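Peer 1: Below is one structure. I have some questions about it.
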Amino acid sequence: MHELSVILEIISVVETYAEENRLAGKIETLVLRIGDRSSVLPKYIEAIYPTVVRNTILSNARLEIETAPGKDFFIKEIAVTDEPE
């Protein structure tokens, strides 16, 4: 199951993005787009997400997965709150 390494890389990317944009503690939702022919299986991402993101910048972020035709796999959106830190 390579989905674990995929989630770990997503955490790294989001941490960098959040640091560069001063978004620590403001991320509410992470939206992934996964193609139905990609090598990433949404059910495994959903299953391991809560455990893997524990104690990370995504620990309070809800995961949404959009499936689509094709082989695409990418972070579609990082939704943040407008509340001050």
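Peer 1: Would you be so kind as to identify which of N60, V6, A79 lies farthest towards the positive end of the dipole of the chain, taking Lys and Arg as +1 and Asp and Glu as -1 on Cβ and the Cα centre as origin?
Peer 2: Projecting each Cα onto the dipole axis, the largest value belongs to V6.
Peer 1: Follow-up question, since we're still on this one. Could you give me the ³J(HN,Hα) list for segment 68-74, computed from phi with Karplus coefficients 6.51, -1.76, 1.60 and θ = phi - 60°, whole Hz, x at Gly and Pro?
Peer 2: 8, x, x, 10, 4, 8, 7
Peer 1: Here's another thing I want to ask about it. Taking the simple approach of a point 7 Å from Cα along Cα-to-Cβ for both L4 and K71, what is their distance in nm?
Peer 2: Placing both labels 7 Å beyond Cα along the Cβ direction yields 2.6 nm.
Peer 1: Tell me which residues come under 5 Å, amide H to amide H, from G35 once H is placed; ignore anything under 5 positions away on its chain.
Peer 2: A68, D72, F73
Peer 1: Still on this structure, I have one more. For segment 3-80, state the semi-axes of the equivalent ellipsoid (square roots of 5 times the eigenvalues of the alpha-carbon gyration tensor), sorted largest first and rounded to whole angstrom.
Peer 2: Each semi-axis is the square root of five times an eigenvalue, giving 21, 13, 10 Å.
Peer 1: Also, I was wondering about something else. Under 25 Å Cα to Cα from K43, which lysines show up? Leave out anything in the same chain fewer than 8 places away.
Peer 2: Within the straight-line cut-off, K43 pairs with K71, K76.
Peer 1: Continuing with the same structure: Antiparallel as a % of all DSSP beta bridges within the chain, to the nearest 5?
Peer 2: 50 percent
Peer 1: May I pose another question? Using only Cα atoms and rounding to the nearest 10 degrees, what angle (0 to 90) does helix 42-52 make with the longest principal axis of the chain?
Peer 2: In the chain, helix 42-52 runs at an angle near 30 degrees to the longest axis.
Peer 1: Any idea what angle helix 3-20 forms with the longest principal axis of the chain, computed on alpha-carbon atoms, 0 to 90 degrees, nearest 10?
Peer 2: Computed tilt is about 30 degrees.
Peer 1: Sticking with this structure for a sec: Hey, what did the chain get for relative contact order, percent, Cα under 8 Å, at least 6 apart?
Peer 2: 45 percent
Peer 1: Provide the net charge surrounding F73, with neighbours chosen by a C-beta distance below 15 Å and charges set as Lys +1, Arg +1, Asp -1, Glu -1.
Peer 2: With Lys, Arg at +1 and Asp, Glu at -1, the net is -3.
Any read-out appearing in this document is the output of simple, stated calculations on the displayed coordinates, not a laboratory observation. Keep in mind that what you see is a predicted model, and the values were worked out from it rather than measured. Ideal geometry is used to build each Cβ from the backbone, glycine not excepted, and the neighbour counts take in all protein chains shown.
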